[in-house]
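See below for the structure under consideration.
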Amino acid sequence: MIHLPIVKAVDRKFEANPDEAPTEDIRDAVLQLEKEGEWIVPRVPEPYMEEKTKFGRIKKIPVEKTWHHKSCGQCGHIPGYSTSIFWLNRAFGLDYHDPMDQTSCTAWNYYASATSNPEAQAAVALRNFASAYKSGYFPVIHCGTSFGHYKEVRHALVHQPELRRKVKKIMEKLGMPMVMPEEIIHYSEWVLAMRKRIAERQVIDMSMITATVHPACHYHKLIEEDAIYDSEIYGAQRSAIITSTLKALGITVGDYSTWFDCCGFGFRHILVSRDFSRSFSVQRKIEVMIEEVNPDITITHDTGCVTTLDQSQFAGKAHGKKVGLPVLSDSQIAALAMGAHPYKVLQLHWHNTDNTRFLEKIGIDHEKMWAEFQVEADKIKRGEMPYLTWEDAEKK
Amino acid sequence: MALNPMALDLSGKKYANVAYEEKERLFDEVKADDRWHHVLYGCYECGICVAACPSARFYDFSPRVIAQAAAREDVDLMYTLMNDSVWDCSQCFSCDRCPRQNSPGQIITIMREVAVKNGLKTAKEALEGYGRIIYKIMSTGSQVSPDMLQPNAFPDWGGHVKEISDNLDVWRKALPPETLHTTETGWKITDKTIVELYLIWHMTGVMKLIEGVDEGLFMILVDVMEERLEEAGYDDISFD
Ligand code: SF4
Ligand code: SF4
């Protein structure tokens, strides 16, 4: 029997060489199709940031001039998620566009019910990309599923000329050009790339916080070679997404054995087979995190993951399960670290699992902050002000 | 030991009365899909996909069985799986780590589409209760909306859903981004955008899929869409 020295996986670093990548770089094919006149390829606006992907290729990430492809689940049910993304942009004085000429990617429905087809899915994606192009801003995708799905659409359009032909006809009828951006960017990649600048502006110490991370399946499993990896994070054995951001904020990230597992969302399951979502989320994720790490918080970067991990804990509690772990997005914790208001900006009252203990641990007087939010909400209720403005939310 | 009522019956007896030709026709439709040659290259039967699969932990469900049945071209088994198994999949694509470069999750996507397109009874059952979501996404371009947060829709999320629904109008207005002051859609969407979305549904024939699984829903959607399209000057468009 051969005895190999045991080297802990976490101690081993991998440096990928892009010249040895086992897959094509789809972006080359996208540019080639541009040369052939198949579509317009808007470039990532300069100056951009650079991060490495799974096989060591460089991904360009825009700093500003970003067109925010919002998520229906985030905007609808956890609106502090998107608000925090915009707040971060505003805090850095960056130019961004929050469009109304944008539909959801409709992939949630597609993965749930199959009541769509590849032509429709590709046309929806390209209609949104064309809208971004027209505005002069570069798309940044808020939802993990939209991000993964659009990358699949890009892959299909590159490899299926017939699909391209069909979609071209549709776009012509809509009076819009065929547009495929140079990079497909998830907002959490922007947060990650901005991490040092965020840390420089950090006003809340988070060094006493331990977090677990849940990476979204559609971020790092769909077209996996496009996800961000970093040899300093998990030795580049897994995606660095979120973990890199949290470490920059001084947060300890605890590892747990079901890191790769999904959250239990399941697309149709979260809506009509909820027993599965609840059970999976509590038993395979939350309980494991608590047993193995006992973190103060868990951080994720997608609509379905925040929803499922957070909301499922209510039923888990009723069953006496080990639950009670607050769930936030990376945009929310980054904004919080930079001093964003937990209710006016992070909108934590839309979350389910109690997060007050976490807030207390980082020195936030949540009762006072909630009272401040209530003052504004009461003014809206009495008709004294129509909306909470950015200025209201940002005033100290 | 009592038989598990949730167990997947792979004996073939359940659908023995369905003509082989019909099962074959559906499988041929699956194989004719443009994606087919990118999602299945054969199967080692290694079970790696099962180890990664969340649905396999909670249901009598196996992506390996689906990949195997497809690779062996087992027409009877594919029919059983198309009816009784594919809707358990979570579409997470954890199974994309297959060493044979298969994507069992994508095989399932294609099988589901064929099941929907052909109006299989089991597809209709799987999508029962899902109609309001289809209505939302098709008619508004945004899948979930704030006003869906009603206690009777999410009883297992506890009392906080009621708190949100009681305060919905005020809490939406207490959101700084101006696009989020909506309750019926995730964000404000322009009329032009919605009309373009309807034109996409029209040109790609997806309404036919909906007609296959829920005729009532189809009719409601057609009314809403045709009226809006007519207002926008597209009075010659019909979904029938
Ligand atoms: S589909 Fe792939 S992972 Fe699953 S059993 Fe077959 S070869 Fe193995
Ligand atoms: S996509 Fe479906 S079959 Fe594949 S791992 Fe996820 S739940 Fe299992």
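The table that follows gives values for the structure above.
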| quantity | calculated |
| --- | --- |
| Of all residues making up the range A:194-246, the number that are outside the structural domain of A:Leu336 (by TED's automatic domain parsing), in a loop (DSSP other than H, G, I, E, B) and free of Cβ contacts under 8 Å to residues at least 60 places away in the same chain | 0 |
| Answer from B:Asp169, B:Asp156 - the residue that is in a helix (DSSP H, G or I), open to solvent by 30 Å² or more (accessible area, probe 1.4 Å) and in contact with a Ser or Thr (Cβ under 9 Å, 6 or more places away or on another chain) | B:Asp169 |
| Selection from the range A:303-327 of residues that are touching a strand residue (DSSP E or B) at 6+ places or on another chain (Cβ under 6 Å) and not β-branched (Val, Ile, Thr) | A:Cys305, A:Leu309, A:Asp310, A:Leu325, A:Pro326 |
| Among the residues listed as B:Cys92, B:Cys43, the single one being part of a loop (DSSP other than H, G, I, E, B), surrounded by 15 or more Cβ atoms within 10 Å (Cβ to Cβ), without any contact (Cβ under 8 Å) to a residue 60 or more places away in the chain and within 12 Å of ligand 2 (Cβ to nearest atom) | B:Cys92 |
| Qualifying residue in the range A:175-186 (condition: at negative phi and among the small types (Gly, Ala, Ser)) | no |
| Residue in the range B:201-208 that is in contact with a Lys or Arg (Cβ under 9 Å, 6 or more places away or on another chain), surrounded by 14 or more Cβ atoms within 10 Å (Cβ to Cβ), more than 8 Å from chain A (Cβ to nearest Cβ) and in a helix (DSSP H, G or I) present | yes |
| Residue in the range B:130-146 that is surrounded by fewer than 19 Cβ atoms within 10 Å (Cβ to Cβ), among the aromatic types (Phe, Trp, Tyr) and either over 16 Å from B:Glu29 (Cβ atoms) or in contact with a Phe, Trp or Tyr (Cβ under 7 Å, 6 or more places away or on another chain) (or both) present | yes |
| Only listed residue being closer than 21 Å to A:Asp11 by Cβ and of a type outside the set (A, V, I, L, M, F, W, C), chosen from A:Thr243, A:Thr308 | A:Thr243 |
| Flag for A:Ile290 being modelled with pLDDT of 95 or more, part of a loop (DSSP other than H, G, I, E, B) and away from chain B (no Cβ under 14 Å) | no |
| Test: residue in the range B:179-186 that is of a type outside the set (Val, Ile, Thr) and modelled with pLDDT of 95 or more | yes |
| Exclusive hit being in a loop (DSSP other than H, G, I, E, B) and within 16 Å of ligand 1 (Cβ to nearest atom), set B:Gln101, B:Gln68, B:Gln150 | B:Gln101 |
| The range B:154-171, subset touching a helix residue (DSSP H, G or I) at 6+ places or on another chain (Cβ under 9 Å) and more than 9 Å from chain A (Cβ to nearest Cβ), residue modelled with the lowest pLDDT | B:Pro155 |
| Candidate set from the range B:104-127 (those that are within 11 Å of another protein chain (Cβ to nearest Cβ) and of a type in the set (Val, Ile, Thr)); member that is nearest to ligand 1 (Cβ to nearest atom) | B:Ile108 |
| Subset of the range B:50-65 (residues that are crowded, with 22+ Cβ neighbours inside 10 Å, part of a helix (DSSP H, G or I) and away from ligand 1 (no atom under 11 Å from the Cβ)) | B:Pro54, B:Ser55, B:Phe58 |
| Check on A:Val253, in contact with a strand residue (DSSP E or B) (Cβ under 6 Å, 6 or more places away or on another chain) and outside the structural domain of A:Thr115 (by TED's automatic domain parsing) | yes |
| Residue, nearest to ligand 1 (Cβ to nearest atom), within the range B:23-38, restricted to residues that are modelled with pLDDT of 95 or more and touching a helix residue (DSSP H, G or I) at 6+ places or on another chain (Cβ under 8 Å) | B:Val30 |
| Subset of the range A:355-396 [surrounded by 16 or more Cβ atoms within 10 Å (Cβ to Cβ), touching a residue at least 40 places away in the same chain (Cβ under 8 Å) and either in the same structural domain as A:Gln332 (by TED's automatic domain parsing) or assigned to a loop (DSSP other than H, G, I, E, B) (or both)] | A:Asn355, A:Phe358, A:Ile362, A:Ile364, A:Leu388 |
| All helices (runs of 4 or more DSSP H) inside the range A:84-183 with 1 or more residues being more than 8 Å from chain B (Cβ to nearest Cβ), open to solvent by less than 10 Å² (accessible area, probe 1.4 Å) and more than 29 Å from A:Arg268 (Cα to Cα) | A:118-135, A:161-174 |
| Residues located in the range B:71-98, provided they are within 8 Å of ligand 1 (Cβ to nearest atom) and either hydroxyl-bearing (Ser, Thr, Tyr) or more than 13 Å from every other protein chain (Cβ to nearest Cβ) (or both) | B:Ala71 |
| Residue among B:Asp33, B:Asp74, B:Asp9, B:Asp28 that alone is among the charged types (D, E, K, R), away from ligand 2 (no atom under 16 Å from the Cβ) and open to solvent by less than 50 Å² (accessible area, probe 1.4 Å) | B:Asp33 |
| Residue in the range A:33-40 that is of a type in the set (Lys, Arg) and free of Cβ contacts under 8 Å to residues at least 12 places away in the same chain present | yes |
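The values are calculated or read from the model by the stated rules, or taken from the named source; none is laboratory data. Note that the structure is a prediction, hence the values are computed from the model and not measured. Cβ: placed from backbone, ideal geometry, glycine included. Neighbour counts: every protein chain shown. Ligands, DNA and RNA are excluded from the accessible area calculation, which covers all protein heavy atoms including side chains. Shrake-Rupley method; radii C 1.70, N 1.55, O 1.52, S 1.80 Å.
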